[in-house]
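*Asks:* Structure in structure tokens, see below.
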Amino acid sequence: MSSPPTSLKPQIPLFLRPPLHSASVSDLWKWHNWAKNLASSVGTTFLDSDDGPDLGILCRELKWLMEDAIEDHSVFSQMGIENNQTNVRLRAGIEELYNLWKQRIEERRPFQYLVGCKHWRDLVLSVQDGVLIPRPETELIVDLVADVVSNNEGLREGLWADLGTGTGALAIGIRRILGIVCN
């Protein structure tokens, strides 16, 4: 007798989570410096080995992670003030932030899996392990469909399918181009 199939519970993207955690500005600043140093230790290793993210991209991702995790962005102006014990409301605990960034650097886990979403065109798509992350070049396919159907209105009435692609980004993007309303 086999065990019943398990279902993956969709991950709520970090920026949509309620701010149930808190940390002092000083502790957040310590985490940020640790994370930045860890990213700096990589240097160009990822880029040189397999065209992975360089330090500039990792620093940008670190900034995005902070923006997603912190409820009130005005706290950024207080960062770096020594021994600032002002509490900051967070969407993830400080320990989770340490773990997430370690996964990004040490395990090279894709950033989109860390935060649970991918910004693509004008959409925010939920992604998690096992879901293909749409690449920016994929947007060109939607643009190509837009060009094709603008030159041939009959194609709007055709049957379109997006099979096995993960997020459904293409299906959603093409549906918008074709003006199809889903109920």
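*Asks:* Mind checking whether some residue in the range 86-95 is part of a helix (DSSP H, G or I) and on the phi < 0 side of the Ramachandran plot?
*Replies:* yes
*Asks:* Of all the residues that make up the range 8-56, how many are surrounded by 14 or more Cβ atoms within 10 Å (Cβ to Cβ), under 17 Å from Lys102 (Cβ atoms) and hydroxyl-bearing (Ser, Thr, Tyr)?
*Replies:* Total satisfying the criteria: 0.
*Asks:* Can you pull out the residues in the range 144-177 that are surrounded by fewer than 16 Cβ atoms within 10 Å (Cβ to Cβ) and either in contact with a Lys or Arg (Cβ under 6 Å, 6 or more places away or on another chain) or more than 30 Å from Gln128 (Cβ to Cβ) (or both)?
*Replies:* Answer for the range 144-177, where residues must be surrounded by fewer than 16 Cβ atoms within 10 Å (Cβ to Cβ) and either in contact with a Lys or Arg (Cβ under 6 Å, 6 or more places away or on another chain) or more than 30 Å from Gln128 (Cβ to Cβ) (or both): Asp147, Val148, Ser150, Asn151, Asn152, Glu153, Gly154, Leu155, Arg156, Glu157, Gly158.
*Asks:* Given the criterion more than 22 Å from the chain's Cα centre (by Cα), assigned to a helix (DSSP H, G or I) and closer than 24 Å to His21 by Cα, identify the matching residue among Ser41, Ser49, Ser77. Please lay out each step first, then the result.
*Replies:* Working: Ser41 fails: closer than 24 Å to His21 by Cα; Ser49 fails: closer than 24 Å to His21 by Cα.
None of the others qualify; the one that does is Ser77.
*Asks:* Which condition number in (1) in a helix (DSSP H, G or I); (2) open to solvent by 50 Å² or more (accessible area, probe 1.4 Å); (3) over 23 Å from His119 (Cα atoms) is the one that Glu82 fails?
*Replies:* (1)
The values are calculated or read from the model by the stated rules, or taken from the named source; none is laboratory data. These figures come from a predicted structure and were not determined experimentally. Positions of Cβ are backbone-derived with ideal geometry, glycine not excepted, and every protein chain shown enters the neighbour counts. To get the accessible areas, we keep the full protein, side chains included, count just its heavy atoms, and leave off ligands, DNA and RNA. Shrake-Rupley method; radii C 1.70, N 1.55, O 1.52, S 1.80 Å.
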